[in-house]
Amino acid sequence: MRTQVTFDCADPHSQAVFWAQVFGIDVEDHSAFVDQLVADGRLPVEDRIIVGGRSAFRDVAACRDAEGIEPRLFFQRVPEGKTAKNRVHLDIHVEEGQKRAEVERLIGLGAEFMATHSDRGPTTYVMRDPEGNEFCLH
């Protein structure tokens, strides 16, 4: 059994790139599949875009860990923006001595630092991805 975490978002391709960089995993290349669907008439040409010189689905993107350790992350375009706190969020384990450097690295990728908590044990850094989805480094 495999786990996939799905994100509703405004820009699935930039979200896929951000999260691939967070985890050091790969953005999936769907170009051959997209091109075949368009050629077969099963995908309207307007649902194909070019990203990084390759065909991609306009409204979805994904990234995956080649070793299969981390869950697959799937990003789907939705018309509405984020309006409330996440009911589910990702917790990313980082060794205690590396947390500050990781916070800075993620800020450099487009994340936003929100708060620091240590009331439940280890220091936890609350962050937001470029579209405002909360996640924690603990």
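The values are calculated or read from the model by the stated rules, or taken from the named source; none is laboratory data. None of the values given here were measured: they were computed from a predicted structure. Cβ: placed from backbone, ideal geometry, glycine included. Neighbour counts: every protein chain shown.
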With out of contact with any strand residue (DSSP E or B) (no Cβ under 9 Å at 6 or more places or on another chain), exposed (fewer than 11 other Cβ atoms within 10 Å of the Cβ), of a type in the set (A, V, I, L, M) and within 30 Å of Val34 (Cβ to Cβ) as the only criterion, which of Ile69, Ile50 stands out? Ile69
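Quick grid of which residues meet (1) at pLDDT 95 or above; (2) in a helix (DSSP H, G or I); (3) closer than 16 Å to Phe135 by Cβ:
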| residue | (1), (2), (3) |
| --- | --- |
| Ala20 | yes, yes, yes |
| Phe33 | yes, yes, no |
| Val38 | yes, yes, no |
| Ile49 | yes, no, no |
| Ala66 | no, no, no |
| Ile69 | no, no, no |
Among the residues of the range 17-30, are any outside the structural domain of Gly108 (by TED's automatic domain parsing) and more than 12 Å from the chain's Cα centre (by Cα)? yes
How many residues does the range 51-63 contain that are part of a loop (DSSP other than H, G, I, E, B), modelled with pLDDT of 95 or more and more than 19 Å from Val78 (Cα to Cα)? 1
